[in-house]
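The values are calculated or read from the model by the stated rules, or taken from the named source; none is laboratory data. Values in this document were obtained by computation on a predicted structure and should not be read as measured data. So basically every Cβ, Gly included, is an ideal-geometry build from the backbone, and we count neighbours across all protein chains shown.
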Amino acid sequence: MAGSKSFGTNMRIVHRYLGFFLAGIMAVYALSGIVMIFRDTDFLKKKTQVVKDIKPNAEDKELGQLLGIRELKVKKTEGDIVYFDNGTYNKATGHAEILKKELPYVINKLNNLHKSRSGQPLFFLNVFFGVSLLFFVLSSFWMFTPKTSIFKKGLYFTLAGIILTVVLLLV
């Protein structure tokens, strides 16, 4: 039976070639993940002045909906001028000026990798990627024989990684 391979050998082969296949995807996810860390700053964002005319005398509660701004918070009102983060609204005329801060097109698309929902095409890539990473976790335990010191040290490193993640989640 020279043609039959052990389960461990097959796991190593699939691990190897799936790893090569996913190397590009992992690089893109890593870069976009690093950029997403700075999403609460203006890093890489370009500023654009947007002018909109909406209905005059809009209430503060409906202003965000009319302007397409989620969780709009009015900072102050002076006469007919309403001030909010990155913009103003004139109640008398309905004229609004907003300073939008957006990532460049390509970087915004990269960030969508992390934000996709079940109804979007990227959903399938994300599920495939997540299942593949889970396979990597499991198949890595077939890379070395369980009786070796490398395997035992690997278990300690795995435990350390789990503990570090849990600690950082709880902090």
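For region 109-144: of the residues being farther than 28 Å from residue 34 by Cβ and free of Cβ contacts under 8 Å to residues at least 60 places away in the same chain, which is surrounded by the fewest Cβ atoms within 10 Å (Cβ to Cβ)?
This residue is 141.
Just to be sure, is residue 100 more than 30 Å from residue 132 (Cα to Cα) and in a loop (DSSP other than H, G, I, E, B)? Let's see the steps before the verdict.
Details: more than 30 Å from residue 132 (Cα to Cα): yes; in a loop (DSSP other than H, G, I, E, B): no.
Taking the combined requirement at face value, the residue does not satisfy it.
State all residues of region 145-168 that are surrounded by 14 or more Cβ atoms within 10 Å (Cβ to Cβ) and either closer than 18 Å to residue 26 by Cα or among the hydrophobic types (A, V, I, L, M, F, W, C) (or both); if no residue qualifies, say none.
The answer is 151, and nothing else.
Looking only at strands (runs of 3 or more DSSP E) that fall completely inside region 14-84, which ones have 1 or more residues that are touching a Lys or Arg at 6+ places or on another chain (Cβ under 7 Å)?
46-53, 81-84
Looking at 18, 44, 72, 31 in this structure, which one is in contact (Cβ under 8 Å) with a residue 12 or more places away in the chain and in contact with a strand residue (DSSP E or B) (Cβ under 9 Å, 6 or more places away or on another chain)?
Being in contact (Cβ under 8 Å) with a residue 12 or more places away in the chain and in contact with a strand residue (DSSP E or B) (Cβ under 9 Å, 6 or more places away or on another chain) holds for just one of 18, 44, 72, 31, which is 72.
Which residues, taken from region 87-129, are more than 28 Å from residue 62 (Cβ to Cβ) and in contact with a Phe, Trp or Tyr (Cβ under 8 Å, 6 or more places away or on another chain)?
113, 114, 116, 129
Each row is one residue, and each column tells you yes or no for (1) over 25 Å from the mean Cα position of the chain (by Cα); (2) over 30 Å from residue 140 (Cα atoms); (3) acidic (Asp, Glu).
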position: 4; (1), (2), (3): yes, no, no
position: 15; (1), (2), (3): yes, no, no
position: 18; (1), (2), (3): no, no, no
position: 28; (1), (2), (3): no, no, no
position: 44; (1), (2), (3): no, yes, no
position: 59; (1), (2), (3): yes, yes, yes
position: 68; (1), (2), (3): no, yes, no
position: 81; (1), (2), (3): yes, yes, no
position: 88; (1), (2), (3): yes, yes, no
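Evaluate the following for residue 5: is it over 22 Å from residue 108 (Cβ atoms) and surrounded by 12 or more Cβ atoms within 10 Å (Cβ to Cβ)? Talk me through it step by step, then tell me what you get.
Numbers: over 22 Å from residue 108 (Cβ atoms): yes; surrounded by 12 or more Cβ atoms within 10 Å (Cβ to Cβ): yes.
Answer is yes for this residue.
What's the total number of residues in region 59-92 that are polar (S, T, N, Q) and at pLDDT below 95?
So the first thing to find is which residues in region 59-92 are polar (S, T, N, Q), and the list is 65, 77, 86, 88, 90.
Now restrict to residues that are at pLDDT below 95: 65, 77, 86.
Total meeting the criteria: 3.
Residues being among the basic types (Lys, Arg) and touching a Leu at 6+ places or on another chain (Cβ under 8 Å): count how many of those fall in region 47-85.
So the count comes out to 3.
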